[in-house]
Amino acid sequence: MYRTEKHSLIFCIFIVTLILNFGYTVAYAQQKTITAAYTKFETHLRKLEKTSLPFITSDPDENQRRIIDNIHGISQEEHLFFDWEGYTITATRLSEKFSKPFLQEFINDNHSRIPSMQTDTIGGNNMYIRSVWQEVQGSETVLISVYMWPGADSLTNLLDFRTSNIRNTAYEKIFCDLLRLDLLPGFILLNQQTNSFRFCGREITLPMSCSWLNISNLQCSGKGQMNWSQFLEIQSATHMLRSFIYRPMPENSTKEDARVVPVIFEGVPAKALRLRIRLHMPKEALGGSNLLIAYYVVAPVRNRYVACVMSHFDDEAPANALPELLSMVMKLKK
């Protein structure tokens, strides 16, 4: 009896060890596949950076048209919010007059985070005040620039630029000019009630119920989600895409697979990094699958570079296919 029980115990230990070793082997193989895909996609991005020219011309009017066409915004109460060239921009008209006492008060209220304020000119003799600092937000360092100048009624206009991307002071001044001279057309502002939206220079009609989670971040129930930004230079687009790719995963999720797949993005052949992500949450709480499929792509589209992140749950489309929203802008190559 003793020998039988001992043999059974040894056999159980052997089985448990075998299962643990198998689990470790599978996890190691998964991680090796994911690392290889990341390396392959990084090589693709670096090649794009070396071979792609900026969409900037020698014609100032054409450049301004392209800049304006890349701006997306939304109006909420007394604020205007914009997404442009990797920046999140907030425009506010303050009730305080632009004066030395007000500026000193502003500095005193923000002395802990504003290292300095500089006086400069914008649009000729109109003075503006610029302050720049950075803040660590989660895993990212956010660069913040604030511009202030007097309006026609001497009230203070304030522009707040924030980016974890490459900061471009020339672009910031261009945006200040566009806003100060009232050159931003109404079509750049999103209508949250509409069934269509601008995407990379074309209008897309939505035949399904969708909602804006943020500027240029659209979710359609059961049809997928997409988040994008538009750029004149490839380096800014790839920098933005990398910030999404290498962002730490939430604690309740695990990457199960990664691969680089050929796609057609807005009619342009491209490569996308495809991730399969398991959300460790009850399916009942999610209303369906807990397996998320995400695509990361950057491509030249109609005189701009587009960095786009798209995702859907695996029960929202057949295997090796895309749900309705994503298929409006991207096709998987067979």
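The values are calculated or read from the model by the stated rules, or taken from the named source; none is laboratory data. Quick caveat: nothing in here was measured; it's all calculated off a predicted structure. Glycine also receives a Cβ, built like all others from the backbone with ideal geometry; neighbour counts cover every protein chain displayed.
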Residue check, I144 against (1) more than 30 Å from F244 (Cα to Cα); (2) at pLDDT 80 or above, all met but one. Which one? (1)
Of the residues in the stretch 175-208, those that are over 21 Å from V306 (Cα atoms), free of Cβ contacts under 8 Å to residues at least 24 places away in the same chain and within 22 Å of the chain's Cα centre (by Cα) come to N191
Which residue, of S253, S311, is under 21 Å from the mean Cα position of the chain (by Cα), among the small types (G, A, S) and modelled with pLDDT under 95? S253
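Among the residues of the stretch 238-254, is any at negative phi and in a strand (DSSP E or B)?
The answer is yes, given that some residue of the stretch 238-254 is at negative phi and in a strand (DSSP E or B).
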In the stretch 226-244, what count of residues is obtained for those that are surrounded by 18 or more Cβ atoms within 10 Å (Cβ to Cβ) and either farther than 13 Å from S311 by Cβ or more than 12 Å from the chain's Cα centre (by Cα) (or both)? 12
If L190 satisfies all but one of (1) within 23 Å of S243 (Cβ to Cβ); (2) assigned by TED's automatic domain parsing to the domain that holds R304; (3) aliphatic (A, V, I, L, M), what's the number of the condition it fails? (2)
Could you please let me know if R276 is modelled with pLDDT under 90, on the phi < 0 side of the Ramachandran plot and not in a helix (DSSP H, G or I)? no
Output the residues belonging to the stretch 64-79 that are crowded, with 17+ Cβ neighbours inside 10 Å and in contact with a Lys or Arg (Cβ under 9 Å, 6 or more places away or on another chain). R66, D69, N70, H72
Report every pair of residues separated by at least 6 positions or lying on different chains whose Cβ atoms are under 7 Å apart, first residue within the stretch 40-51 and assigned by TED's automatic domain parsing to the domain that holds Y305, second part of a helix (DSSP H, G or I). L45/T238; L48/I234; L48/T238; E49/I234; E49/Q235; E49/T238
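May I ask you to say which residue of P248, P269, P282, P262 is over 27 Å from Q76 (Cα atoms), in contact with a Ser or Thr (Cβ under 7 Å, 6 or more places away or on another chain) and not assigned by TED's automatic domain parsing to the domain that holds Y147?
Just one listed residue meets the conditions, P248.
Can you pull out the residues in the stretch 135-172 that are more than 23 Å from Q104 (Cα to Cα) and more than 17 Å from the chain's Cα centre (by Cα)?
V136, N168, T169, A170, Y171, E172 - these are the residues of the stretch 135-172 that are more than 23 Å from Q104 (Cα to Cα) and more than 17 Å from the chain's Cα centre (by Cα).
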Of all the residues that make up the stretch 148-170, how many are outside any loop (DSSP other than H, G, I, E, B) and either out of contact with any Phe, Trp or Tyr (no Cβ under 8 Å at 6 or more places or on another chain) or closer than 24 Å to S243 by Cβ (or both)? 7
Tell me which of these I293 doesn't satisfy, since it passes every other one: (1) in contact with a helix residue (DSSP H, G or I) (Cβ under 9 Å, 6 or more places away or on another chain); (2) exposed (fewer than 14 other Cβ atoms within 10 Å of the Cβ); (3) assigned to a strand (DSSP E or B). (2)
